[in-house]
Ligand code: ZN
């Protein structure tokens, strides 16, 4: 049986894209419950300045808490070397920096050119190596950008190579804008892998236009072994009001189990975790089909076999 890592990013990506701030105790209950349902990796927050993202102000406390949960890989997003230093002090197992493949998007969001971003990645790699912390680069807007539109695939390949050369241990391709389609996923994963090999492990997908699971499947068929997802598809898309967030953890876990992949997750327990979100964020839309429909008869026996 092939193991696929589902990396829960809801506490970071989901919560940063809604305005409300989830209380620390609710975040802890969410993270604990998911870990107990068998989720092996959770991105608990982001080390951005709290003045920019008050939703993420308690990330250091969450890292310390999550580190007490057995078997959980605790990761956080870092925007720059300064954030990486804070993440290391907090005690993360791993950290990742988003690197926008669209230079206009990069300049507008973090006021850095691609060359300046490579310097930042090199600086973070040094910090990570010194601390024995895993370091990944998320190639964001890899499938298209709301400012530039299409992003040339050769540019993504070149920047993937530059990221590895600068010290990234692992890469993910991020469909930040929900533009990706399965043929494009297949093509880009293949191209990037032919340049950097299995350093490319991960897809970060949004379900903005309903193609999230189709894109995940295309990635799996090209050898992707880690998929980011968010419980209840929490969050939205700043570029598409009303759209859902990341691919839904519950639906992704269902698809993988049904196909015979191993995730370590107990689906029934995972679905129950939604109650924590519903209570802490009343009225916030939660997405997903599997939680409403329930599991098909015999699925649990099949995945346990
Ligand atoms: Zn995202």
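Readers should treat all values here as calculations from the given coordinates under stated rules, not as data from a laboratory. These figures come from a predicted structure and were not determined experimentally. A quick note on method: Cβ atoms are made from the backbone with ideal geometry, for glycine too, and the neighbour counts reach across all protein chains shown.
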* Structure fact -> Per-residue Cβ contact counts at 10 Å, fewest first, order 185, 48 as 48, 185
* Of all DSSP beta bridges in the chain, antiparallel share, percent nearest 5 -> 5
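Based on the Cα atoms of segment 5-304, what semi-axes does the equivalent ellipsoid have, where each is the square root of 5 times one gyration tensor eigenvalue, given in whole Å with the largest first?
On the way: eigenvalues 148, 101, 68 Å².
Its equivalent ellipsoid spans semi-axes of 27, 23, 18 Å.
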* Would you mind telling me which residue in 78, 110, 164 has the biggest mean-square fluctuation in a Gaussian network model of the chain, where springs connect alpha carbons within a distance under 10 angstrom? => 110
* Structure fact -> Largest fluctuation, 146, 177, 249 only, Gaussian network model of the chain with Cα springs under 10 angstrom, belongs to 146
* To do: Using just the helices of the chain, give the 222 nm mean residue ellipticity in deg cm²/dmol: DSSP H runs with n ≥ 4 each add -39,500 (n - 2.57), and the total is spread over all residues, rounded to 500.
  => -12500 deg cm²/dmol
* Structure fact -> Plugging the Cβ-Cβ distance of residue 61 and residue 221 into 1/(1 + (r/R0)^6) at R0 = 41 Å yields, to the nearest 0.05, a FRET efficiency of 0.55
* For the chain, what's the relative contact order in percent, using C-alpha pairs closer than 8 Å and at least 6 residues apart? -> 20
* Asked: How would you rank 114, 257, 134, 204, going from fewest to most other Cβ atoms within 10 Å of each one's own Cβ?
  -> 134, 114, 257, 204
* Most mobile of 194, 140, 163 in a GNM of the chain (Cα contacts under 10 Å) -> 194
* Simple spin-label estimate for residue 82 and residue 68 in nanometres, 7 Å along Cα-Cβ -> 3.1
* To do: Please work out how much length the chain gains when fully extended from residue 129 to residue 104, using 0.36 nm per residue of separation minus the C-alpha to C-alpha distance, in nm with one decimal.
  => 6.0 nm
* FRET efficiency for residue 269 and residue 181, using Cβ-Cβ distance with R0 set to 45 Å, rounded to 0.05 -> 0.85
* With a point put 7 Å past each Cα toward its Cβ, work out how far residue 2 is from residue 122 in nm, to one decimal. => 3.7
